């Protein structure tokens, strides 16, 4: 009987120890989860403010310069995005999306700002991604400067579509005076003759054509 009681006591001690270990582990989990959720909420609040007050207005300003651009925002609990989408046009014959995203940084007090550029079809080399990490608080001006720099880089890249031979191959015409191949969408001069559009590389070629035609 004594041996049985001793065994029971040993079992109860192990059960009590296991219960205490589970309670301690749960307490650690609760503490970790609370800290993680508090950090996620702090990030979401700051990132939403940065998106609304800095990123979105700059992307809207970009879209105002192009008739084929639309701006949209989306976000989850861990990342926030503002995208400017450009539809296919004869002048810019590709579907293009510039996305600026805000993500949690490697430290609890940081934010990673990432630009992603997609051009379809992909017929030329261009910089697809770039990112920087800044403090989550107190870096509004730095975020604004970085986003503005990415937008200006994008404009330079996007304008290349207007004259790039692979993108403009379906719109190439020939100047009737000098024989230069030019893009119809970017030709500086054109005239309508008998319902037909004629394109010229310069005013000089256009004037020479009209002079010869009237002679």
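Neighbour counts of C-beta atoms inside 10 Å place 9, 109 in the sequence 9, 109, starting with the fewest. With helices as the sole contributors, the chain gives -14500 deg cm²/dmol at 222 nm; each DSSP H run of n ≥ 4 counts as -39500 (n - 2.57), and the sum is divided by every residue.
One quarter of the surface of the convex hull around the alpha-carbon atoms of segment 119-169 equals 4.0 nm², the direction-averaged projected area. Which residues does the label zone of residue 125 cover in segment 164-193, counting backbone N under 20 Å from a point 7 Å along Cα→Cβ? Flagged as within label range: 164-168.
Only one item in (1) 1.20; (2) 0.98; (3) 1.84 matches Cα Rg over 2.2 N^0.38 Å derived from the coordinates shown, and that item is (3). The fewest-to-most ranking of 52, 192 by surrounding Cβ atoms within 10 Å reads 192, 52. When each of the peptides 176-186, 93-103, 79-89 is scored by the mean number of other C-beta atoms lying within 10 Å of its residues, the order from highest to lowest reads 93-103, 79-89, 176-186. Eigenvalues of the alpha-carbon gyration tensor of segment 21-61, scaled by 5 and square-rooted, set the equivalent ellipsoid semi-axes at 38, 6, 4 angstrom, largest first. A crude spin-label estimate for the pair residue 76 and residue 186, with each label 7 Å from Cα along the Cβ direction, gives 3.9 nm. Along its principal axes, segment 169-214 has C-alpha extents of 32, 22, 14 angstrom, given from the largest down.
Every read-out reported here was derived from the displayed coordinates using simple, explicitly stated rules and does not represent laboratory data. All values derive from a computational prediction rather than experimental measurement. Methodologically, a virtual Cβ is constructed for each residue, glycine included, from the backbone with ideal geometry; neighbour enumeration extends over all protein chains shown.
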